[in-house]
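*Asks:* Below are the structure tokens for one structure; questions will follow.
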Amino acid sequence: MARRALAAVVLAAGKGERMRSSKPKVLHEIAGRTMVAHVLDTLAGLAPERVVCVAGPGMEQVAEAALPAEAVEQPEPLGTAHAVLAAREALAGFEGAVLVLFADTPLIRAETMRALADAVDGGAAVALLGMRPAGANEYGRVVLDRAGRPEAIAEWRDAGPEERALPVCNAGVMAVDGRRLFALLDRVGNDNARGEYYLTDIVALARADGLETALVEVREEEALGVNSRAELARAEAVMQRRLRERAFDAGVTMPMPETVYLSYDTRFGRDVTVGPSTVFLPGVTVEDNVDIRAFCHLEGAAVRSGARVGPYARLRPGADVGPGAGVGNFVEVKNAVLEAGAKANHLAYIGDAHVGADANIGAGTITCNYDGFRKHRTEIGAGAFIGSNTALVAPVSVGAGAVVGAGSTVSRNVEADALVVERARQTERKGWAARLRMRRNRQSSGE
């Protein structure tokens, strides 16, 4: 079967009042990415010739988020058919399969989109996505003929008892032959309970014209539409399950996977271990043989082969933990590189810094990178030893092999292989503590 060109209309006009949010519904995120971006990214895998995003008035944020899709406006919320009609000019002259997708249905898979398009390429004027959800629901019902092809869709509010009892429900998404799409839409009326122009009516119109229709069925979770915070959480749970399965397939061990949060773009190498209650926000790459221990938080970071992170470590954007390097408990790294074998094993802040290979950062060490106006860099040479409770006041450099004594505040550059110690001189007064206790005891007894 020859495949024709593909186009898509993504409907993103709904404001989502049930979300109780000032932000447009489709800009709410799942796994670190907006719902509209999920749909568009999945669609991009099919290499469509044209993509049109239909949004309502005042939804410039949605149009911007949908780039490079062409944005058009649905001036009034008069129904789904009316929304697709807004894309008429953008699809002028297009004769391939047109996917009609919803930006608040972020879980639809590329293979499902392709199956719908293939059904149109195979001769169907309209290919419909259906599902068989368990339990009571108020989805529209798909009326099938004896051959299992859609004859019509009955919206729940307009359906009678027999139609409401039908097992196949409308999932909303469809593909339509571009040569027939707008001729069908122009005939859709609004004689229904809502007084809206329903896209679903084109199924019955196509059959009345003697045209072929087709049904593609999926599981309910793939067609989940998000209209509330509770449904957003349901979609997040499905997406997390998918991402964990992808991680397992990549060679990741997660002893308690249900506690690990992944982002849409988290990338793992082989033989990676991820401990419980670890969070991966967008932009994280983990190479082979990495051990990420429990309760870590990573965002915009790279962890190279053989490195160890955590437990209770935080890698912020720009963190790059080199091969065999170690970032231990309660260590925060931001916009900093730790070269191969470097160690910061506990209680440290490394920000806007470069740490050379095999350098050791002692507990309590901080790079003082911010002076209240600008950020400054700290350079630590290979093999340097930074003693515990050291403050490195940037901009400053510590040369290769240098040693910084514990408790020092370093504000000037340190030469390679030098020793620097900066602390007050220790004094001792013998018997002072005993005399203090005796004096306080007398005061408390009233003597």
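*Asks:* Please work out if residue 424 is closer than 30 Å to residue 380 by Cβ, surrounded by 14 or more Cβ atoms within 10 Å (Cβ to Cβ) and of a type in the set (Gly, Ala, Ser).
*Replies:* Considered against the rule, which asks whether it is closer than 30 Å to residue 380 by Cβ, surrounded by 14 or more Cβ atoms within 10 Å (Cβ to Cβ) and of a type in the set (Gly, Ala, Ser), residue 424 comes out as no.
*Asks:* Separate question: Out of the residues in region 244-285 that are among the polar types (S, T, N, Q) and closer than 17 Å to residue 308 by Cα, which is surrounded by the most Cβ atoms within 10 Å (Cβ to Cβ)?
*Replies:* Looking at the filtered set, the residue picked out is 278.
*Asks:* In this structure, is residue 309 within 15 Å of residue 367 (Cβ to Cβ) and assigned by TED's automatic domain parsing to the domain that holds residue 400?
*Replies:* no
Condition check ((1) among the hydrophobic types (A, V, I, L, M, F, W, C); (2) within 30 Å of residue 129 (Cβ to Cβ)) across all residues:
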position	(1), (2)
233	yes, yes
241	no, yes
249	no, yes
268	yes, no
275	no, no
284	yes, no
296	yes, no
300	no, no
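*Asks:* Here is a further query. Can you name every residue in region 286-317 that is crowded, with 24+ Cβ neighbours inside 10 Å and of a type in the set (Ser, Thr, Tyr)?
*Replies:* Selection gives nothing.
*Asks:* Taking the options 318, 300, 324, name whichever one is part of a loop (DSSP other than H, G, I, E, B), assigned by TED's automatic domain parsing to the domain that holds residue 411 and within 27 Å of residue 405 (Cβ to Cβ).
*Replies:* Selected residue: 324, the only one of 318, 300, 324 that is part of a loop (DSSP other than H, G, I, E, B), assigned by TED's automatic domain parsing to the domain that holds residue 411 and within 27 Å of residue 405 (Cβ to Cβ).
*Asks:* Among the helices (runs of 4 or more DSSP H) confined wholly to region 3-86, which include 3 or more residues that are closer than 27 Å to residue 262 by Cβ?
*Replies:* On the way: elements: 35-44, 60-65, 80-85.
Passing ranges, in order: 35-44, 60-65.
*Asks:* Which one of 81, 65, 55 is crowded, with 22+ Cβ neighbours inside 10 Å, more than 27 Å from residue 202 (Cα to Cα) and assigned by TED's automatic domain parsing to the domain that holds residue 126?
*Replies:* Just one listed residue meets the conditions, 65.
*Asks:* Out of (1) surrounded by 15 or more Cβ atoms within 10 Å (Cβ to Cβ); (2) free of Cβ contacts under 8 Å to residues at least 60 places away in the same chain; (3) more than 21 Å from residue 172 (Cα to Cα), what's the single condition that is false for residue 32?
*Replies:* (2)
*Asks:* Are there any pairs with C-beta distances below 6 angstrom linking a residue in region 71-99 that is touching a residue at least 24 places away in the same chain (Cβ under 8 Å) and more than 20 Å from residue 48 (Cβ to Cβ) to a residue that is β-branched (Val, Ile, Thr) and in a loop (DSSP other than H, G, I, E, B), with the two at least 6 apart or on different chains, and if so which?
*Replies:* 81/188
*Asks:* Within the group 327, 331, 355, which residue is out of contact with any Phe, Trp or Tyr (no Cβ under 8 Å at 6 or more places or on another chain), closer than 16 Å to residue 392 by Cα and hydrophobic (A, V, I, L, M, F, W, C)?
*Replies:* 355
*Asks:* Determine whether region 197-216 contains at least one residue that is closer than 27 Å to residue 38 by Cα and free of Cβ contacts under 8 Å to residues at least 40 places away in the same chain.
*Replies:* no
*Asks:* Conditions: (1) modelled with pLDDT under 95; (2) crowded, with 24+ Cβ neighbours inside 10 Å. Residue 155 meets all but one. Number of the miss?
*Replies:* For residue 155, the exception is condition (2).
The values are calculated or read from the model by the stated rules, or taken from the named source; none is laboratory data. None of these values were measured; they are calculated from a predicted model. Virtual Cβ from ideal backbone geometry, glycine too; neighbours counted across all protein chains shown.
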